[in-house]
1. Going by what's in this entry, would residue A:129 be described as modelled with pLDDT under 85, part of a helix (DSSP H, G or I) and either assigned by TED's automatic domain parsing to the domain that holds residue A:85 or on the phi > 0 side of the Ramachandran plot (or both)?
2. Hey, can you tell me all the residues within the range B:42-87 that are away from chain A (no Cβ under 14 Å), over 16 Å from residue B:109 (Cβ atoms) and in contact with a strand residue (DSSP E or B) (Cβ under 6 Å, 6 or more places away or on another chain)?
3. Could you count how many residues in the range A:16-74 are within 18 Å of residue A:93 (Cα to Cα) and in contact with a strand residue (DSSP E or B) (Cβ under 9 Å, 6 or more places away or on another chain)?
4. Identify, by number, the condition in (1) modelled with pLDDT under 85; (2) more than 9 Å from every other protein chain (Cβ to nearest Cβ) that residue A:167 doesn't meet.
5. In the range B:123-153, how many residues are assigned to a helix (DSSP H, G or I) and at pLDDT below 85?
6. Taking the stated definitions as given, is residue B:97 without any contact (Cβ under 8 Å) to a residue 40 or more places away in the chain, part of a loop (DSSP other than H, G, I, E, B), away from chain A (no Cβ under 14 Å) and farther than 16 Å from residue B:142 by Cβ?
7. Among the residues of the range A:184-212, which ones are within 14 Å of chain B (Cβ to nearest Cβ) and either without any contact (Cβ under 8 Å) to a residue 24 or more places away in the chain or more than 19 Å from residue A:171 (Cα to Cα) (or both)?
8. Restricting to the range B:130-149, give me the number of residues that are more than 11 Å from chain A (Cβ to nearest Cβ) and surrounded by 14 or more Cβ atoms within 10 Å (Cβ to Cβ).
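The values are calculated or read from the model by the stated rules, or taken from the named source; none is laboratory data. Remember, it's a predicted structure, so these values are computed and weren't measured experimentally. Virtual Cβ from ideal backbone geometry, glycine too; neighbours counted across all protein chains shown.
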């Protein structure tokens, strides 16, 4: 029995690798997204709180400046800023004029106010005029219209490498209508309050938290991948691989393998089903040894009976009954099986289909346009079997009968047990001819001889009276191959 | 048949979305008829002020705003403009615009205390012309200046009693001659 070759696959990718990659990717993306959201939220919350704090400080300082300056108490405003800076080491507050120069650093503003009021209302502290320093970074945005409150990071170096991280806020000072009395109406922004807060400890702590969380993330992904991967390998992948292996063995004709999975889940059910299926296949494979090829073909195709032309070959061991009386059963079976095996090989070697074994007899069917020729060739070889190897036959001889004609080919029997075999007159004739053939003789009908062609030598014709047939039958003795034909 | 139903469903969704978008259209406060609204003061605003610099200005208010009535509170008047009051201040390109010249910008105050963007009960907006898009000011730039209207200030009557005037410099009936800024 030839088994179909399994389909060739160009390249098999490991399911385990795919599952591992998918698992790690899913965990990395899933947990990574949570970690990223956590980090972003942490930074955002810190920024938000710092921004709110700086905004509130800016508003408070604005009110203080507004209150002090309306009453013309610039020295108190200076003192205010000095004290505020002293109270908090982490926060520095500066006041800039709109041109970027530090407020209260010289007498420019006092001179301007006195000129505008045409008085000497405010004393000049006699401070030397300073050169115009470089305006602070991003200062322009805070003094152009509409003025914006700015909030930005202004780090000096990298906080994690010994640098300092600052959050900085600019709060524009609007030239309020009540301020215009002294300072004029020709400008909207009087100056800018600059608040700079050292957030290095917070940034470092945050970096530590995020770094720790990142490390925890990597460890967590690794552990989860290990646990889930191991679970999937044990519960899904290994059983699937086992099932695949058993199925692969089946395709090569090995039906002994079984899937050893004890789980009671879907995989377990699948494994049991596969085991049942393989057992069924094994049984059917074994059964094919006892079933003719035509039966198997009929199972694959149609089981409808049909009338066809076939050449029937019946072989039978001469004197077998008396032979069995002189031998032990073991010897009988041994010799018989050897003879049947050799006959089967010959008949099948010539394209014949072993229809059945009946005791020491073999029934074979030859089909096709050259069925009679192949049947005669096989019959000749069978008749010479015991002559050429007498030891194999233990002195026994084989008689052969051949008939060609119309037969009915189909499933014969009951629904519980049936044979796919042939019935018809030619079957009976072949059987009868086998019955009258002597050892090492092959008798063929006129039709078989006619269809076998010129490749054989026949002796005859002979007229024989067969049981069950009303008239005499014209038959021929098949004696050999024609000259030039292979023996 | 199934494809047709899907197409109808899709069309209905698109229509609903379009309707939703149309419904969310921002209101226009400086309605086209604002030119007919009365000015809030007879003062000619041809003097520079912070925020508008050297630009001529004409403030107008809708009828709702003119229905405001002061109430006495601790011996002082208090002005609370009714909801729906809209004040539109036309801002011109220069201090002395030519006859028939159009403003270049509108700044708008809308009394909507329930609006989450309101500050001091007002929404503060600007409308660039001729684009026509009204954009709210999200900072405190406007209200910082207008808070001065509730104290003594150098404009109009100067609010000598420091009445609460709801961030409006020129309340109805309190206009001053067009003399420009005033020192106090």
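1. Values: modelled with pLDDT under 85: yes; part of a helix (DSSP H, G or I): no; either assigned by TED's automatic domain parsing to the domain that holds residue A:85 or on the phi > 0 side of the Ramachandran plot (or both): yes.
Spelling it out, it is not the case that residue A:129 is modelled with pLDDT under 85, part of a helix (DSSP H, G or I) and either assigned by TED's automatic domain parsing to the domain that holds residue A:85 or on the phi > 0 side of the Ramachandran plot (or both).
2. B:70, B:71, B:78
3. Residues of the range A:16-74 within 18 Å of residue A:93 (Cα to Cα): A:50-69, A:74.
Those still in the list that are in contact with a strand residue (DSSP E or B) (Cβ under 9 Å, 6 or more places away or on another chain) too: A:50-51, A:53-55, A:57-59, A:61-62, A:65-66, A:69.
So the count comes out to 13.
4. With (1) modelled with pLDDT under 85; (2) more than 9 Å from every other protein chain (Cβ to nearest Cβ) applied to residue A:167, the lone miss is (1).
5. First pass over the range B:123-153, keeping only residues assigned to a helix (DSSP H, G or I): B:141-150.
This time we only want the ones that are at pLDDT below 85, so: B:141.
Final tally of qualifying residues: 1.
6. Answer is no for this residue.
7. First pass over the range A:184-212, keeping only residues within 14 Å of chain B (Cβ to nearest Cβ): A:184-193.
Result: A:184, A:185, A:186.
8. 2
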